[in-house]
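The values are calculated or read from the model by the stated rules, or taken from the named source; none is laboratory data. Values in this document were obtained by computation on a predicted structure and should not be read as measured data. Here the Cβ positions follow ideal geometry from the backbone for every residue, glycine too, while neighbour counts run over all protein chains shown.
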C-alpha cells in the first residue's frame, strides 16, 4: 500500500495523471505481481540441500572398526577385571557399589580399574603401514 502510494506521488510530480484512481489501481497490481515474482524466485541448489544428519559411510566404518577393537580388548581382560570395568564404565555404578557387590575392598576395585584402563589403552596401540606404532583414538 505504501509503495503504491509512493509511486503514484512520484509519478504525479513528473507528469499530470488524468485518472489518479485508475492509475493507483494499476500501480497496486504491478507492485503485487512484482512481490509475488520475487517470492517465487527459486534459489540455486546449495550445500544445505545435500546435508544429512546421518554419519558418512567412512565414519560408520571407522566406528565399527574401533568398536571391534574395544570388544576384543575387553574380551582379553581377566574375568574379574572385565566385570569391574563393565560395572563402572558401562553400567555407571560407583566404586563403593562394585566393591559391595563383588565382596572386595574399595582399593581392589581401584586397582582393577587402573589395570583395566592400562590394558585397554595398550590394546588401542597399533602398528601403522610405515612400521611406526601409533595410539588409536578411544572408541
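Before moving on, here are some points about what is shown:
- Output for the range 3-24, where each listed residue is in a helix (DSSP H, G or I) and out of contact with any helix residue (DSSP H, G or I) (no Cβ under 9 Å at 6 or more places or on another chain): 6, 9, 10, 13, 14, 21, 22
- Qualifying position, being at pLDDT below 90 and part of a helix (DSSP H, G or I), among 65, 96: 65
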